[in-house]
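A quick write-up on the structure given underneath.
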Amino acid sequence: MSTTATNEVAVIKTTKGDLVLEFWSDVAPKTVENFKKLAREGFYNGTAFHRIVKGFMVQGGDPLTKDASMESRWGTGDPGYKIKAEFNAKSHQIGVISMARSASPDSAGCQFFICLGDASFLDRQYTAFGKLIKGEEVLKALGSVETKSNGGEKSRPIQRQGVESVTIVDRATVA
């Protein structure tokens, strides 16, 4: 692996501000590469955080969230493939980014979540692949938006929490 790859970070530009995340390529190399590939292709641009559970996490990355008429299916979108889980010893704490998935361990593709607090009960069951290094106030703002019931849990933001873009940049450029 080149040294430039380990110095890369993700900048998630949201309607509330920017989140900057570092990657854990040492414990989840395929997951990190998949996320970077999708980001570089513009896959995440125009999506939204469609699921926000106060004190727990904000979830995004679903391509269906680009289309308001698809709202009943938000949370089910994928890139057309699944990736193998890379469960590891990194704990799900505030600011950790991890892959969302269905009941099957190897069902993640593009959706991710960022922890709003201690979610260590998810450890070794979801692929944690990085953590927030800048933008704590943005994460807190996203995590405190008003939500409504989505036919079950009260987690659908009342106002759209958009992801304008996800870019992969050299860490030195976001100092």
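The values are calculated or read from the model by the stated rules, or taken from the named source; none is laboratory data. As the structure is a prediction and not an experimental result, all values here were calculated from the model. Positions of Cβ are generated from backbone atoms using ideal geometry, with glycine treated the same way; all protein chains shown enter the neighbour counts.
For this structure, a couple of remarks:
- All of Ala85, Ala10, Ala89 fail the test of being closer than 19 Å to Tyr126 by Cβ, in contact (Cβ under 8 Å) with a residue 40 or more places away in the chain, over 14 Å from the mean Cα position of the chain (by Cα) and surrounded by 18 or more Cβ atoms within 10 Å (Cβ to Cβ), apart from Ala85.
- Of the strands (runs of 3 or more DSSP E) entirely within the range 1-61, none holds at least 3 residues that are small (Gly, Ala, Ser).
- The range 69-82 - residue that is small (Gly, Ala, Ser) and touching a residue at least 24 places away in the same chain (Cβ under 8 Å) and, of those, farthest from Asn34 (Cα to Cα): Gly75
- Which numbered condition Lys66 fails, given (1) closer than 21 Å to Gly151 by Cα; (2) in contact with a Cys (Cβ under 8 Å, 6 or more places away or on another chain); (3) not small (Gly, Ala, Ser): (2)
- Inside the range 83-115, residues that are within 22 Å of Leu19 (Cβ to Cβ) and either modelled with pLDDT under 95 or small (Gly, Ala, Ser) (or both) make up a count of 6.
- Condition met for Thr147 (of a type in the set (S, T, N, Q) and within 22 Å of Leu19 (Cα to Cα)): yes
- Of all residues in the range 65-82, none are of a type outside the set (Val, Ile, Thr) and either under 17 Å from Phe23 (Cα atoms) or in contact with a Phe, Trp or Tyr (Cβ under 6 Å, 6 or more places away or on another chain) (or both).
- Residue within the range 21-41 that is surrounded by 17 or more Cβ atoms within 10 Å (Cβ to Cβ) and either farther than 25 Å from Thr173 by Cβ or free of Cβ contacts under 8 Å to residues at least 12 places away in the same chain (or both) present: no
Here is a yes/no grid of residues against (1) farther than 18 Å from Gln93 by Cα; (2) more than 15 Å from the chain's Cα centre (by Cα); (3) polar (S, T, N, Q):
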| site | (1), (2), (3) |
| --- | --- |
| Trp24 | no, no, no |
| Phe35 | yes, no, no |
| Gly42 | yes, no, no |
| Asn45 | yes, no, yes |
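- In the range 127-157, the residues that are touching a residue at least 24 places away in the same chain (Cβ under 8 Å) and of a type in the set (Ser, Thr, Tyr): Thr127, Ser144, Thr147, Ser155
- Of all residues in the range 147-163 being charged (D, E, K, R) and touching a Ser or Thr at 6+ places or on another chain (Cβ under 7 Å), the one that is surrounded by the most Cβ atoms within 10 Å (Cβ to Cβ): Arg156
- Residue check, Ser120 surrounded by fewer than 22 Cβ atoms within 10 Å (Cβ to Cβ) and in contact with a Lys or Arg (Cβ under 9 Å, 6 or more places away or on another chain): no
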